[in-house]
Structure formats: C-alpha cells, structure tokens
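The values are calculated or read from the model by the stated rules, or taken from the named source; none is laboratory data. Source: prediction; values computed, not measured. Ideal geometry is used to build each Cβ from the backbone, glycine not excepted, and the neighbour counts take in all protein chains shown. For the accessible areas, the whole protein counts, side chains as well, though only heavy atoms, and no ligand, DNA or RNA atoms are used. Shrake-Rupley method; radii C 1.70, N 1.55, O 1.52, S 1.80 Å.
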Amino acid sequence: MVTLWWCVLGLLTCGYFALAGYDYGVGLLLPAFETGERRRRQTLGALGPFFLANEVWLVAAVGLLFGAFPHLEGKVFAGAYVLVVTLLLGLVTFTASMQLRSRRPDARRGAWTAGIVGGALVTALSWGLFLGNLVAGLPLAADGSPSGDVLALFSPYAVLWGLGFVALFALQGAAFLAVRAPAELTGRAVRLARAFTAPVLAFLVITTVWSAFTLDGVTALGAGVAALAFAALAVARLGLALRRNRVALVGSMVLSACPALLAGTVRFPAVLVSPGYALTVDQAATAPGTFAVLTWFAPPSLLVLLVVQWLTWRAHRHPVDQRSLLHF
C-alpha cells in the first residue's frame, strides 16, 4: 500500500514537471520572441489555456506529500528551507507577473515582463538545486534534523543541476512554442530547441558520470531512469530534425519528468539520505487509517485531473492565430 501511494506521488510530481516545465521555459525564452507587443502576447497566449491547470499538479503533489508522507515532508522542507523559500519566491513572481502583465491595456509592461523572465529563472534554478540535493543527499544530522550548513545546499553537484534545469526547461519551452506559437514564430522556436539540446546533453552526460563516481547505493531503477532521460532527449532531437514538433515536445516532457523520477527511485526504498542518516518509504509514511481516508478521495480527484488536462489539450491543440483568445 505504501509503495502504491509513493507511485501516485511520483505520478503527480512527474506530471507537474512534464507540463509546467514548458511554462517556465516559455518565460525564460520570452526575450528571444520580443518582436513587438502583439508577438509577446501571442507567445504568452500560447500558454493561456494550460497555465493554471499545469500548476494544479504541484498543488496535488504537495497535498499528497503532506497527507501520505508527513515524516518525509517535515525533514525535506526543514533540510532545504532556503531553497524552498527561493522556489516559492520564483513561483509567486512568475505567476503574478503572468496574470498581471496585460491586465491594463494602457499600462507599461516592462516590469511585468522582467518579472516573468526573472521568476522563471529563479524557479528553474531552485528546482534544479532542490532535486540535485535530494539525489546527492540533504545536509542532515544523524538524527534527521537540519545540520545548519546552508552552503552545503549549493555544492558544485547541486549547482550543476540548477544550471541543467535552466537548459532543460528552455528546451521544453522552445519545443512547446514550436507546436503552439503562431506559424511565423515556429521556425525560431525550432532553432532554439535544437540549440538547447547540446547543453541538455552535456548536463545529462556530466551528471551521469559524476553520479556514478560519487553516489552510493544507486538502484537499478535509478540507472533505468538515467537511460530513459537519454532516450527522451534522442526522441526530442529526432523529432526536431524530422519536423515532427509534437514528437519533440513529448520527448522534452518525458525528459523534464526524469529528474523527479530519479529523485524518488535512485535509492528506493530509501527516499531521503544524508551521511549517517536514511529514511525509508515505510518510515516516511502516515498511519494506515490515513491511507484508508485518502483512498476515498485521491482516485476520483486524480481521474478528474487527468480528464481535464486531456480535454484542455484536445481543445487547444492547434497553434495560436488571429482568432485565438489571448489570456495574458
């Protein structure tokens, strides 16, 4: 039962990165598409129907984490408190700037545009640092309490993950725009996506080699996720080369989900490690009675989430054009 709920948490978390990754990627790439206010609005409008729906996956994942694995939640948030704060600041800045930028047609929008780009950058860096520390091991004492060594959160290995996530989200955002942006911007989006495959490949290679020499207790599941990441990047690059932009987008979405999948499986059943400390999935789980309550609410909620996401994509699968409603 505990393993099943861990898989559900993994599904929600991976779904968030697979979908919301292109939100932040479009934000990062916005300066590259600034060819006038009309084009900027169309670029952001490509996200319009999906933006808030994508964020719901994070809300659902955090809610399940609190309910199903409270012992893990407390230690993770305490051990990476600084990164959680910067992540929230990035998310709030990005979301608020997206929603307020075009609220007043006669207002200046430069500050809101900067908020979108800056918020997306901070969010990408923070997610990379956060997951990199989960894979490497949070700075925790032998009893699982925070060690107080804040600088340990910014180790070279974690910084590599932060920079890698910027390239990863940028690739995903460019692949998304190759599918949803106006026809006249598709060529630029494809060129940007192709350009970002090189730094993403470098990130995957360096991280894989570094992890092989420094991480202990890596399971076969963790090695399989690394192989999946390389395969997803190959699919994305091949899709771009063959002008199959939807295939490239799917490949980039799977690729963006791989780091979260790796963090949850790299040492399973241990889900949180640090020198001299380890927390297994059974130790992190809540009481059986709570799982019984979750069983009544989680499956129908997950079904509704999946159906709404599918209907949203089905209704807005075509590129933005002159008749499209621009939400931002």
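Residue 228 to residue 78: FRET efficiency via 1/(1 + (r/R0)^6), r the Cβ-Cβ distance, R0 25 Å, to the nearest 0.05?
0.20
Taking a ≥ b ≥ c as the square roots of the eigenvalues of the Cα gyration tensor of the range 35-91, is the shape rounded (a/c under 1.5), prolate (a/b larger than b/c) or oblate? Since a/c reaches 1.5 but b/c is at least a/b, the shape of the range 35-91 is classed as oblate.
In the range 59-102 the Cα-Cα distances spread across 5 Å bins starting at 0 as 5, 21, 18, 22, 16, 10, 6, 3, 0 percent of all pairs. Solvent exposure of the range 41-199 amounts to 38 Å² per residue of accessible area, where only protein heavy atoms count and the probe is 1.4 Å.
Work out, step by step, the length gained on full extension between residue 215 and residue 191: first 0.36 nm times the residue separation, then minus their alpha carbon distance; give nm to one decimal.
Using 0.36 nm per residue and subtracting the Cα-Cα distance, I get 5.1 nm.
Would you please classify the overall shape of the range 1-52 from the alpha carbon gyration tensor, given that a ≥ b ≥ c denote the square roots of the eigenvalues, rounded means a/c under 1.5, and beyond that prolate means a/b larger than b/c while oblate covers the rest? Prolate, because a/c is 1.5 or more and a/b exceeds b/c.
Apolar share of the accessible surface for the chain: 71 percent from carbon plus sulfur atoms, 1.4 Å probe. Highest mean packing comes first when the peptides 255-261, 232-238 are listed by Cβ atoms within 10 Å, giving 255-261, 232-238. Across all directions, the shadow cast by the convex hull of the range 1-108 built on its C-alpha atoms averages 8.1 square nanometres. The value of relative contact order for the chain, using C-alpha pairs under 8 Å at least six residues apart, is 27 percent. Label-to-label distance, residue 287 versus residue 143, with points set 7 angstrom from Cα along the beta-carbon direction: 2.4 nm.
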